[in-house]
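Here is the structure we will look at, set down as structure tokens.
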Amino acid sequence: MKEILAGMPWWVKWIAIPVIALVVFGSVLWTLVSFVVGLLFKVLVFAALVGGLIYLVRKFKDSSASSRSEW
């Protein structure tokens with residue numbers, strides 16, 4: 001492989017070959033990136049929902065405990 005690339009101009013090694021690789025494997029890379037971003041978004045939504053649930057449970061637990069002590 002080194003012998004093949006040794007006679008090529010710099011732009012073939014650093015521009016043409018990566019562009020061809022992106023064209024050929026671009027859909028695979030895009031699918032992988034979109035899957036990871038979607039998974040991270042779902043994890044953030046899950047964490048926000050669980051945090052909100054914990055906040056609401058603590059808020060209502062504290063308010064019901066204080067109202068019982070008034071009786």
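The values are calculated or read from the model by the stated rules, or taken from the named source; none is laboratory data. Nothing here was measured: the structure is a model prediction, and the numbers come from that model. Quick reminder, even Gly has a Cβ in these numbers, built from the backbone with ideal geometry, and neighbours come from all protein chains shown. Heavy atoms of the whole protein, side chains included, go into the accessibility calculation; ligands, DNA and RNA do not. Shrake-Rupley method; radii C 1.70, N 1.55, O 1.52, S 1.80 Å.
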Before I look further, what does the chain give for accessible area per residue, probe 1.4 Å, in whole square angstrom? 96
Within the accessible area of the stretch 14-61, what % is carbon and sulfur when the probe is 1.4 Å and the other protein chains stay in place? 86
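Quote to one decimal, in nm, the extra length available between VAL23 and LEU56 on full extension: 0.36 nm per residue of separation minus the C-alpha distance between them. Can you show the working numbers first?
On the way: separation 33, 0.36 × 33 = 11.88 nm, distance 4.95 nm.
Additional length available on full extension: 6.9 nm.
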Under unit Cβ charges (Lys, Arg +1; Asp, Glu -1), what dipole magnitude, rounded to 20 debye, does the chain have relative to its Cα centre? 180
Hey, could you get me the Stokes-Einstein D for the chain, Kirkwood radius over alpha-carbon pairs, 20 °C and 1.002 mPa s, rounded to whole µm² s⁻¹? 123
From highest to lowest solvent-accessible area (probe 1.4 Å; ligands, DNA and RNA excluded), ILE17, ILE4 read ILE4, ILE17
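Given the -39500 (n - 2.57) contribution per DSSP H run of 4+ residues, what per-residue ellipticity at 222 nm results for the chain, rounded to the nearest 500 deg cm²/dmol? List each step's numbers first, then the result.
Numbers: 2 runs with 59 residues, N = 71.
About -30000 deg cm²/dmol.
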